[in-house]
Amino acid sequence: MRYDRCSRTQNFVILIVGGIVLAMIVILNFGSQFAHLIARRVRDIGVHSEILPHNATVAQIKKLNPSGIILSGGPDSVNTSGSPRASIGIYKLGIPILGICYGQQVMVHQNRGKVTKAETHEYGKETIQVKCNNKLFKGCNSKEVVWFSHGDNVTRLPKGFKSIANTSGCNNAAIENVQKHLYGVQFHPEVTHTVHGKKIISNFVLDICKAPKDWQISSLRDTTISHLREQIGKDEHVLVGLSGGVDSLVTATLLREAIGERAHAVLIDTGLLRKNEANEVKEELQKIGLDWLKVHSSSAIFMNKLKNVKDPEKKRKIIGHTFIKEFEKYVNKRLKRHNIVYLAQGTIYPDRIESAEPSKNTAKIKSHHNLSLPEKMHLKVVEPIRDLYKDEVRKLGRSLGLPKELLDRHPFPGPGLAIRILGNVTKQRVKTLQDADAIYMEELRTSGEYDKIWQAFAALLPVKCVGVMGDARTYEDMITLRAVDSVDAMTADWHDMPRVLLSKISTRIINEVRGVNRVVYDITQKPPGTIEYE
C-alpha cells in the first residue's frame, strides 16, 4: 500500500491514502515507559497507531478517526490529587477502549467505580485465572502468565462492568463492559513477559475494534524520503552525525537518497568509540560505495570536558552539548561554503521514551545525548527515524540496500563508552574497556554467538577487587559482561550464554587486559534493570 502523504493537524500525524484518512488505534499516554511499546505492538499486528497526550480532547481524538482507544499505564495513583485523567467524553464515543494498568484504574475511577491501595503489591510475573469466555482472551488458556506492576487495585466495579480474570491478590485482573465496549487489564500485555500479550492486544484491535490492517514498514522508505525533501527544501544542506551505529547509518542513507550531495556525513571521534571504530566504520562504508564519510577527531576535547565527572546524567549532557559544538566547529572550518542549516541525528523511539520526551507525566529514566541539546544552536535538528524502533530501523535499512554486516551490528550508544565506564572517565580506563570489549566481540563472532544476541557489551565498574595473579596479591578492576535478547529494546532478557564461551572470554580478558583481575556476567532483565548501565 502506498501512502499519499502525511499531514499534521494540531501537532498530530494523520496518514492519508487515496484521500481517505486511515483508521487507527489511538493510545492516550498517562506517562508509562511502555506507551510506545503498546503502539509498537499494535503496529506489529499491522494496524497504524498514534500516541496522544492523556488529556487530548474528544475533538482531537475524533479527527484521527480511531477504530479504538488504548489508555496506557502510568506512575501515578488515581487517588492522588492532580493525577492525570482522560477527557470524560471518550467513554461516550461508542469506540472500544482498553485500559492497561493505570489506564484500567482511570477508566474505573471516571465511571464511578473504586480504586484503593492494594494490601499486597504485585510486581513481575503472575498467573491469572480467566473466568469466562470473552473476546479479550479469545484463543488464550484458562490460566495465563502475565506481567504486573501495580500498587493499587480496583475494588468496586462501575455499573455494567464484570470481572473476567483474577489472581489470588487481585480480583479484577481483567474487566469488561460489553455494552459500552469498555475493557481493562491490570497487567501489561504489551511486554514480552506476558506470554500471550500480543494475542490479547490483537483480540482487542482486530476482533473488538475491527481495525483494518494497513500499516506496512515497507512503505516508510518513500514516505520518509519525500517528507525529508519537503522539510529541507531545495537549497539547504544537512550535516549528518554518524556514530558507527545502525540508527545514524540509516539516517545518513535516507538523507543521501533524499537530497544527494547536500547531505554531509561526519563521524565525531570522541575517543569514546569502540577499539579502532572510526577506521572500521569508514572502511565498511567505502566497501559499499559510501565514501563520503569524514572523520573529525576531538578526543582530547571530550576527555577534558569529562574530567572528574561521575554522574551519568552530567556525562550525557556534556557529551550532547560538546557534540553540537564540535559539529558547528566542523561546519565553520570545513563546510563554510555550503548553506548548512540542519543537523540530522539517528534518534529513535526508545531514546525519546527513556528521556521522557513524549509526555510530561513520564518518569525520566535517563537523558539521551541527542535530546540534551544546548538552547542556543546554529543548526536545526532533523530526526528522520524518531518514530521507529530498532528492528524497524533495520528493516528500513534493508529496503535502502544496506548490507547485513552493517545493519545487524549490535546497538552502540551515542555517548559511547562514557556510559559504560561507571565513575570517572580517563584515557587509561577507556583503553581498558576498549581492549576488554574487543576480546568479548571477537569471541562472540568467532563462536557464532554474536548473531543470536540483540546487544552485547562490556562495562567497567568503579570498584577494585582483590585477586591472586602469579602468586602475588592484586587489587585491580572488574569488568562486567552484558548480553540481552530483545525485539525492540523496550524489554529484554539476559542471554543464556554457553558456559564454555563465558569461561574463554573471562580467561582472555584477565590474561590480556592489563589492570583487570575479575570478570562477571550480568543476568538482570529489563525491567527492572536497563540494558545500559548509565
Contact list please: Cβ distance under 8 Å, first residue in segment 187-204 and closer than 15 Å to Ser149 by Cα, second residue open to solvent by less than 10 Å² (accessible area, probe 1.4 Å) and polar (S, T, N, Q), pairs at least six apart or on different chains. Phe187/Thr194; His188/Thr194; Val191/Thr491; Thr192/Thr491; His193/Thr491
What is the number of the single condition among (1) in a loop (DSSP other than H, G, I, E, B); (2) modelled with pLDDT of 95 or more; (3) surrounded by fewer than 17 Cβ atoms within 10 Å (Cβ to Cβ) that Pro528 does not meet? (2)
The residue from Gln104, Gln110 that alone is surrounded by 15 or more Cβ atoms within 10 Å (Cβ to Cβ), under 25 Å from Gln525 (Cβ atoms) and of a type in the set (S, T, N, Q) is Gln104
Taking the condition farther than 27 Å from Asp311 by Cα and part of a loop (DSSP other than H, G, I, E, B), does Leu396 pass? no
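Open to solvent by 60 Å² or more (accessible area, probe 1.4 Å), charged (D, E, K, R) and within 28 Å of Glu405 (Cβ to Cβ) - does that describe any residue in segment 459-471? Show your work before the answer.
We begin by selecting, within segment 459-471, every residue open to solvent by 60 Å² or more (accessible area, probe 1.4 Å); these are 462-464, 466, 468-471.
Subset that is charged (D, E, K, R): 464, 471.
Retained after the next criterion (residues that are within 28 Å of Glu405 (Cβ to Cβ)): none.
The answer is no, given that none of the residues of segment 459-471 is open to solvent by 60 Å² or more (accessible area, probe 1.4 Å), charged (D, E, K, R) and within 28 Å of Glu405 (Cβ to Cβ).
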Given the conditions (1) farther than 30 Å from Phe457 by Cβ; (2) open to solvent by 40 Å² or more (accessible area, probe 1.4 Å), report the number of the one that Lys287 does not fulfil. (1)
Can you find even one residue in segment 338-350 that is among the small types (Gly, Ala, Ser), at pLDDT 70 or above and open to solvent by less than 30 Å² (accessible area, probe 1.4 Å)? yes
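Rundown of residues vs (1) touching a residue at least 60 places away in the same chain (Cβ under 8 Å); (2) more than 18 Å from Lys180 (Cβ to Cβ), yes/no style:
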| site | (1), (2) |
| --- | --- |
| Asp44 | yes, yes |
| Leu52 | no, yes |
| Ala56 | no, yes |
| Ile61 | no, no |
| Ser77 | yes, yes |
| Thr80 | no, yes |
| Ile88 | no, no |
Which one of these does Ile61 not meet: (1) surrounded by fewer than 21 Cβ atoms within 10 Å (Cβ to Cβ); (2) modelled with pLDDT of 90 or more? (1)
Return a yes/no flag: does segment 94-117 have any residue that is under 17 Å from Phe204 (Cβ atoms) and among the basic types (Lys, Arg). no
Every residue from segment 508-520 that is over 30 Å from Leu37 (Cβ atoms) and in a strand (DSSP E or B): Val516, Asn517, Arg518, Val519
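How many residues does segment 267-282 hold that are open to solvent by 10 Å² or more (accessible area, probe 1.4 Å) and in a loop (DSSP other than H, G, I, E, B)? Please lay out each step first, then the result.
Going through segment 267-282, the residues open to solvent by 10 Å² or more (accessible area, probe 1.4 Å) turn out to be 269, 271, 273-276, 278-282.
Applying the additional criterion that residues be in a loop (DSSP other than H, G, I, E, B) yields 271, 273-276.
Here the count works out to 5.
The values are calculated or read from the model by the stated rules, or taken from the named source; none is laboratory data. Remember, it's a predicted structure, so these values are computed and weren't measured experimentally. Heads up, the Cβs are rebuilt from the backbone with ideal geometry, glycines too, and the neighbour counts pull from every protein chain shown. Ligands, DNA and RNA are excluded from the accessible area calculation, which covers all protein heavy atoms including side chains. Shrake-Rupley method; radii C 1.70, N 1.55, O 1.52, S 1.80 Å.
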